[in-house]
Amino acid sequence: MDTLALLLQGFEVALTPTNLMWAFVGSVLGTAIGVLPGIGPALTIALLLPITVSVGPVSAFIMFAGVLYGAMYGGSTTSILINTPGEAGSMMTALEGNKMARAGRGAAALATAAIGSFVAGTIATLLLTFAAPVVAELAFLLKPADYFALTVLAFTSVAVVMGASRVRGFVSLFIGLGLGLIGIDAMTGQPRMTFGAAELLDGVELTVVLVSVFAVGEILYVASRYVKEEDEIVTVKGWTFMTREDWKRSWKPWLRGTALGFPIGTIPGGGSEIPTMLSYAMERKLSKHKDEFGKGAIEGVAGPEAANNAAAAGILVPLLTLGLPTSATAAILLAAFQNYGLQPGPFLFNSNPELIWGLIASLYIGNVMLLVLNLPLVGIWVKLLRVPRPQLYAGILVFAMIGIWGVSGSVFDLLLMAALGVMSYAMRVYGFPIPPLLIGLILVPMAENQLRTALAAAQGNLSVLVQTPVSIAFLSLAALFLFVPILVNRVKKVA
């Protein structure tokens, strides 16, 4: 069955009243958390995991997709109006967007951000629609050694790229690997690193770790640096639609931002920060109005916002086809799949097409919903910025505790949540990145299983790990990620 027929079936799933409601809920939640600084899609999905168990995977993932896309839209609002990025991917938007707002052109900045997000999100979703089945078919050709090499590439690239220090990145990764190995060994039946605690025989509950790291750790970090002061919110004046000149100056940056964001989003460690920075630099170089940069150039808003949303669709390609997360949000989405007993990858396209194609179709629907929500309702979203931070974060903490208790009913899990929350707070304070921990925790079962399968088939011969061109390519890329930065630093010192 061809891709278009499958996509039409996906629309049949996504357009049911129930799933439309969940898409709307996800879009509203995503926009709201994008507007609120310090709260991202990863934290929100982690908090929603305990309460979506009974919803069903199709509806839950349609809502999560709305949260992911909505956060990309909402992050631009705070960047433009109070010069505080709601999301890391909105940092570059703040440079020109806030200047435009202060010059009385906040409406045009918000409009080019929203329309650019819609254009980029739609094009990137089209690319996802046709690229995902092809990659999934190719994934059937991969052997256990290839999958192991792929996880090594993910570990290495994420640990090196994310964070200011490779050492801190690898320390975070190994903490995640250690947490992922706790429990009963599936092959030998022996308990590992349980320290005699019966509660750890089934391993560390993934939901507990996600909520601890993103909710508890983040709240402690923000509270420790909270300063009571009012953010100056620039009032939006004028009609929200752009002038003809604004359209003329925006449409090319939208397309260029999409072309940068989507492919970079698919690679491990790509994220949304890199393509938005590259897009801003490109627009500054190509613009005919270079003198406006730093004073409120609309290209500096249009390009990065398009790149930001395109990257959000890009992370879904390796996640859905290979089960490979390339960002913190993708890692939590992978955990959500595992929470429902599902493993993303090529087999999921055949075994559960309703979920995969319903999810992809919902991205088109969510994009339209978000455009409608963001253009005329900016005033409502701005009011969220008036919510006092202490009450907001206290409410999140209470919600996190209720969620964990509702899932497990275990005092041990609550204590573990507190301990891991304090640990993640300390990691933030000392500059240890969180994504490597999550990706290590989530991917270590796959890495271990594929390694042991490959070695068992080769009767323990380690050469099996480098016998296929695919595994050699992945391991070579991992080595490049690891050693090229070291060589570059040494060359700089010598020079």
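Between F347 and A103, what is 0.36 nm times their sequence separation minus the Cα-Cα distance? Round to one decimal in nm.
Values: separation 244, 0.36 × 244 = 87.84 nm, distance 5.32 nm.
Separation in residues times 0.36 nm, less the Cα-Cα distance, equals 82.5 nm.
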Problem set entry | Ranked packing of 127-134, 19-26, 455-462, most packed first, by mean Cβ within 10 Å | 19-26, 127-134, 455-462
Problem set entry | Over the chain: helical MRE at 222 nm, DSSP H runs n ≥ 4 each giving -39500 (n - 2.57), nearest 500 | -23500 deg cm²/dmol
For this session: Could you compute the FRET efficiency for I184 and V466, with r as their C-beta to C-beta distance and R0 at 41 Å, rounded to 0.05?
Result: 0.85
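Ranked highest first by average number of other Cβ atoms within 10 Å, how do 418-427, 53-62 line up? Could you put the intermediate results ahead of the total?
On the way: 418-427: 18.2, 53-62: 19.9.
Sorting 418-427, 53-62 by mean packing, highest first, produces 53-62, 418-427.
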Exercise. What FRET efficiency comes out for the pair Q459/L138, r = Cβ-Cβ distance, R0 = 41 Å, nearest 0.05?
Worked result: 0.90
Problem set entry | Pairwise Cα inverse-distance average, inverted: Kirkwood Rh of segment 65-153 (Å) | 15.4
Seminar exercise, completed: Given trypsin sites (Lys or Arg not before Pro), DSSP loops and at most 16 other Cβ atoms within 10 Å, the longest exposed-site-free stretch of the chain is 1-224
For this session: For segment 280-385, build the charge dipole from Cβ charges (+1 Lys, Arg; -1 Asp, Glu) around the Cα centre, then report which of L377, S327, S351 sits farthest towards its positive end.
Result: L377
Problem set entry | Percent of Cα pairs exceeding the 15 Å cut-off, where the set is segment 249-317 | 43
For this session: Please report how far the C-alpha centroid of segment 21-74 lies from that of segment 305-374, rounded to the nearest whole angstrom.
Result: 12
For this session: Run the accessible area of the chain with a 1.4 Å probe and give the carbon-and-sulfur part as a rounded percent.
Result: 68
Exercise. Counting only heavy atoms of protein chains, what accessible area per residue, in Å², does the chain have with a probe of 1.4 Å?
Worked result: 42
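Quick one: of K99/K290; K285/K492; K99/K288, which pairs are farther than 22 Å apart, Cα to Cα? All intermediate terms of the calculation are to be shown ahead of the outcome.
On the way: K99/K290 15 Å; K285/K492 26 Å; K99/K288 18 Å.
In this structure, K285/K492 exceed 22 Å between Cα atoms.
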For this session: Between R490 and V372, with labels modelled 7 Å along Cα→Cβ, what's the label distance in nm to one decimal, could you check?
Result: 6.0
Exercise. Between I380 and M21, how many nm apart are label points set 7 Å from Cα along the C-beta direction?
Worked result: 1.8
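Quote the charge dipole size of the chain about the Cα centre in Debye, to the nearest 20; the model charges only the Cβ of Lys and Arg (+1) and of Asp and Glu (-1). It would help to have the intermediate numbers written out before the result.
Details: 28 positive and 26 negative charges, 328 e Å.
About 1580 debye.
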Exercise. Along its principal axes, what span do the Cα atoms of the chain show, with the longest given first and each in whole Å?
Worked result: 70, 60, 49
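The values are calculated or read from the model by the stated rules, or taken from the named source; none is laboratory data. Fair warning: this is a prediction, and the values are worked out from it, not measured in the lab. FYI the Cβ positions are ideal-geometry reconstructions off the backbone, even for glycines, and counts take in every protein chain you see. Calculation scope for accessible area: heavy atoms of the full protein, side chains included, ligands and nucleic acids excluded. Shrake-Rupley method; radii C 1.70, N 1.55, O 1.52, S 1.80 Å.
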